[in-house]
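S.K.: Before anything else, here's the structure in question.
What follows draws every value from the coordinates through simple rules; no lab data is involved. Keep in mind the model is a prediction, meaning the values are calculated, not measured. We place every Cβ from the backbone using ideal geometry, glycine too, and count neighbours over all the protein chains shown.
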Amino acid sequence: MTMKRDQCMAAIAAHREDEVVCAVYGAAFDMLHFHRHPLIFVSFGAMGLLSSQSLGMAICRPDKRFIVLDGDGSLLMNLGTLVTVAEVAPKNFIHFVCENGSYEANGGHPIPGRNQVNFAALARAAGYQKAYEFSEIEEFRVKIGSILKEEGPVFVTLKVEPGADSPKDWAWVHGAESRKSFKAALSNA
């Protein structure tokens, strides 16, 4: 059985304390719907770079925990980031990948290796010491609280389908105010 992405984002939002959330595309809109907060960084228009952007922030702010909400298509665009994260081994880095088997942001075209790629296994092979995979929402809801407290880097595959359509606030996502509020919140956190 596959989980709904919005259910997963709601579960993460319910357990978020003061972590910085870095999200891409559909996961970003779901997270903003459930938990709009100045410490949510959204990455649009730079497919594949969220994990690298988040790693840079996590290195610069070792005092803050980072929840990275990536997509499978996005991660495939930059698989080298897995090796880099594992090498740097940031203790404050939790990397979620929403696996839906498609480049959802670009029209839903299938990703290479759809239904064959094991992202958690790729993360382990790259050097992540902890990698999980979830396809049942109840199991995920039970374990998410403890996963968010683990020392990183941690990798979590969420086998998802879209779920309810979250509102798309394009003006906020692409507006200068969202970047200014994130920068101010991160500077003061």
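S.K.: Counting DSSP beta bridges with both partners in segment 3-188, what percentage is antiparallel, nearest 5?
M.R.: 5
S.K.: Taking amide hydrogens as modeled 1.01 Å from N in the peptide plane, which residues meet the under 5 Å criterion relative to Val42, leaving out close sequence neighbours?
M.R.: So Val42 has HN proximity to Ala23.
S.K.: Search the structure for amide H atoms under 5 Å from the amide H of Glu133, placed 1.01 Å from N in the peptide plane, and list their residues when 5 or more places away or on another chain.
M.R.: Residues meeting the criterion, in which the H sits 1.01 Å from N, are Thr157.
S.K.: Defining a contact as two alpha carbons under 8 Å apart and six or more residues distant in sequence, what relative contact order in percent does segment 3-188 show? Kindly include the intermediate steps, with their values, before the conclusion.
M.R.: Working: 326 pairs, mean separation 51.9, N = 186.
Relative contact order comes out at 28 percent.
S.K.: Can you work out ³J(HN,Hα) from phi for every residue in segment 85-98, in order, using Karplus 6.51 cos²θ - 1.76 cosθ + 1.60 and θ = phi - 60°, giving whole Hz and x for Gly and Pro?
M.R.: So the Karplus estimates, Gly and Pro as x, are 4, 4, 5, 6, 6, x, 6, 10, 10, 10, 10, 9, 10, 7 Hz.
S.K.: How many nm is it between the label spots at Ala189 and Thr2, if each spot is 7 Å from the Cα in line with the beta carbon?
M.R.: 3.1
S.K.: By how many nm would the segment from Ala14 to Asn115 grow when fully extended, if each residue of separation counts as 0.36 nm and the alpha-carbon distance is taken off?
M.R.: 33.4 nm
S.K.: For a 19 Å ceiling on Cα separation, which of these pairs sit above it: Lys4/Lys91; Lys4/Lys130; Lys64/Lys91; Lys64/Lys183; Lys149/Lys183; Lys91/Lys130?
M.R.: Lys4/Lys91; Lys4/Lys130; Lys149/Lys183
S.K.: While we're looking at this one, here's another question. Given an 8 Å cut-off on Cα distances and at least 6 residues of separation, report the relative contact order of segment 122-189 as a percent. Please list the in-between numbers first.
M.R.: Numbers: 33 pairs, mean separation 21.8, N = 68.
Computed over segment 122-189, the figure is 32 percent.
S.K.: To continue, here is another question. Using the Kirkwood radius over C-alpha pairs as Rh, can you work out the diffusion coefficient of the chain via Stokes-Einstein at 20 °C, viscosity 1.002 mPa s, in µm² per second?
M.R.: Numbers: Rh = 16.3 Å.
The calculation lands on 132 µm²/s.
S.K.: Also, I was wondering about something else. Rounded to the nearest 500, what is the 222 nm mean residue ellipticity of the chain from helices alone, with -39500 (n - 2.57) per DSSP H run of 4+ residues and division by all residues?
M.R.: Estimated from H runs of four or more residues: -12500 deg cm²/dmol.
S.K.: With +1 on the Cβ of every Lys and Arg and -1 on the Cβ of every Asp and Glu, and nothing else charged, how large is the dipole of segment 19-150 about its Cα centre, in debye rounded to the nearest 20?
M.R.: Charge dipole of segment 19-150: 380 debye, to the nearest 20.
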